[in-house]
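The structure under discussion appears below in the form of structure tokens.
The values are calculated or read from the model by the stated rules, or taken from the named source; none is laboratory data. No experiment lies behind these values; they were computed from the predicted model shown. Because the Cβ atoms are built from the backbone with ideal geometry, glycine has one as well, and the counts that use them run over all protein chains shown. Note: accessible area is taken over every heavy atom of the protein model, side chains too, but ligands, DNA and RNA are not part of it. Shrake-Rupley method; radii C 1.70, N 1.55, O 1.52, S 1.80 Å.
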Amino acid sequence: MLRIRFHGRGGLGAKVASRVLGTAAFLEGYYAQDFPLYGAERRGAPIASFTRISKEPILERGVITEPDVIIIMDETLLDDYMAHPLSGLKGGGVVFVNTTHTSTETKNKYKITEHVITFDITKVSLEMFGKPILSTLSGGVAAKITGINGEFLKKAVEKETSEITADKDLILKNVEAASYCFYAIQSVDINTSGVVHKRTELINIPYEPAVISSPAINSSANTPLRKTGNWRVFKPVWDYDICTQCMTCVVRCPDGCITVNESGFPYTDYDNCKGCMICAEECPVKAIEKVREVHAW
């Protein structure tokens, strides 16, 4: 059995990516299982989704704690202390990272001992769609890594996207984008245990009175630790030669990330700016440029 875990952010399409892979495997004649896991639905927040593929009936249920393949759709998740995208990976596994960096740079940076594949699928998405739609592209990458036939991938993408949109041109673009990513990376051998069903250890949870087990908020706020700027695909950059200091951007920022410097010009807190680009849309003189974020080490 192959166990694949997708790590993405809300809005990037991790759920659809796992469905594309599961459907492609099913169409090729395998048993398949796919499902997401996320808490409160919030754009940009870390989520995970899972796919199991087997020649035998799948008896396992629940999240995949020991994946054979990990698909990381946003490289900043590797530094996210809540996401832990590399947890449970054992020898013989494969890690794919959506990044502008090479596989060697990524392995050295994050001390990954398993096989690492890197490819900038965000760039492909921006060129083909004009925005970061990573679902079908990630599904295409995962299909190649797991050995799924490219023709079944196309059928799966068409099936899954047709349930989301009726726009035939957009469906065909998704098929094209997924196929492009499928053929852009190299095949790889994956060493699995071959165990179809892994026994889950039972956990004994003792009874506790309500005064102990009831939830309580005793710790300090952790919002500053989240660094929501990691969620950003685009960032706003001001041209102060054009800026009229009207402060429309300051008022319109939904997260209060834009403040004013000593010279009276607006600037943003890039640690927490999510890149919604409302400021650029609202700027009356178009003094704010939409720039692709590149994460440098």
Review point. Which members of the stretch 249-269 meet the condition of being open to solvent by 50 Å² or more (accessible area, probe 1.4 Å) and either at pLDDT below 90 or over 20 Å from GLY11 (Cα atoms) (or both)?
Key: VAL251, ARG252, ASP255, GLY256, THR259, VAL260, ASN261, GLU262, SER263, TYR267, ASP269
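Of all residues being closer than 11 Å to VAL233 by Cβ and in contact (Cβ under 8 Å) with a residue 60 or more places away in the chain in the stretch 273-297, which is least open to solvent (accessible area, probe 1.4 Å)? Just the residue, please. Talk me through it step by step, then tell me what you get.
Residues of the stretch 273-297 that are closer than 11 Å to VAL233 by Cβ, as a first pass: 274-277, 290-295.
With in contact (Cβ under 8 Å) with a residue 60 or more places away in the chain added as a condition, the list becomes 274, 292-295.
Working: LYS274: 71, ARG292: 72, GLU293: 23, VAL294: 88, HIS295: 45 Å².
Checking each candidate, the answer is GLU293.
Could you grab me the full set of residues in the stretch 1-38 that are assigned to a strand (DSSP E or B), of a type in the set (Gly, Ala, Ser) and under 15 Å from the mean Cα position of the chain (by Cα)? Even if it seems obvious, please write down each step before you answer.
The initial filter retains those residues of the stretch 1-38 that are assigned to a strand (DSSP E or B), namely 2-9, 31-37.
Next cut, of a type in the set (Gly, Ala, Ser) only: 8, 32.
GLY8, the sole residue that qualifies.
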Exercise for review: Scan the stretch 141-162 and give yes if some residue there is closer than 24 Å to VAL294 by Cα and touching a helix residue (DSSP H, G or I) at 6+ places or on another chain (Cβ under 8 Å), otherwise no.
Suggested key: yes
Exercise for review: Write out, first by first residue and then by second, each pair whose Cβ atoms fall under 9 Å of each other, whose residues are 6+ apart or on separate chains, and whose first residue, in the stretch 90-117, is in contact (Cβ under 8 Å) with a residue 60 or more places away in the chain while the second is among the acidic types (Asp, Glu) and assigned to a helix (DSSP H, G or I).
Suggested key: THR99/GLU75; THR99/GLU105; THR100/GLU75; HIS101/GLU75
Check your understanding: Are any residues in the stretch 92-126 within 19 Å of GLY13 (Cβ to Cβ) and more than 18 Å from the chain's Cα centre (by Cα), and if so, which ones?
Key -> none
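In this structure, does PHE119 turn out to be under 23 Å from GLY88 (Cα atoms) and modelled with pLDDT of 95 or more?
Working: under 23 Å from GLY88 (Cα atoms): yes; modelled with pLDDT of 95 or more: yes.
Here the answer is yes, as PHE119 does meet what is asked.
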Study note, to complete from the structure: Checked GLU56, GLU41, GLU105 against criteria (modelled with pLDDT of 90 or more, open to solvent by 30 Å² or more (accessible area, probe 1.4 Å) and in a loop (DSSP other than H, G, I, E, B)); the one match is GLU56
Exercise for review: Might you check whether a residue that is of a type in the set (Asp, Glu), open to solvent by 70 Å² or more (accessible area, probe 1.4 Å), part of a helix (DSSP H, G or I) and farther than 24 Å from LEU37 by Cβ occurs anywhere in the stretch 62-79?
Suggested key: no
Point to revise | Flag if SER49 is surrounded by fewer than 23 Cβ atoms within 10 Å (Cβ to Cβ), hydroxyl-bearing (Ser, Thr, Tyr) and touching a strand residue (DSSP E or B) at 6+ places or on another chain (Cβ under 6 Å) | key: no
Point to revise | Pairs, first more than 24 Å from GLY140 (Cα to Cα) and open to solvent by 60 Å² or more (accessible area, probe 1.4 Å) in the stretch 184-198, second charged (D, E, K, R) and modelled with pLDDT of 85 or more, C-beta under 8 Å, six or more apart | key: HIS197/GLU60; LYS198/GLU60; LYS198/GLU66
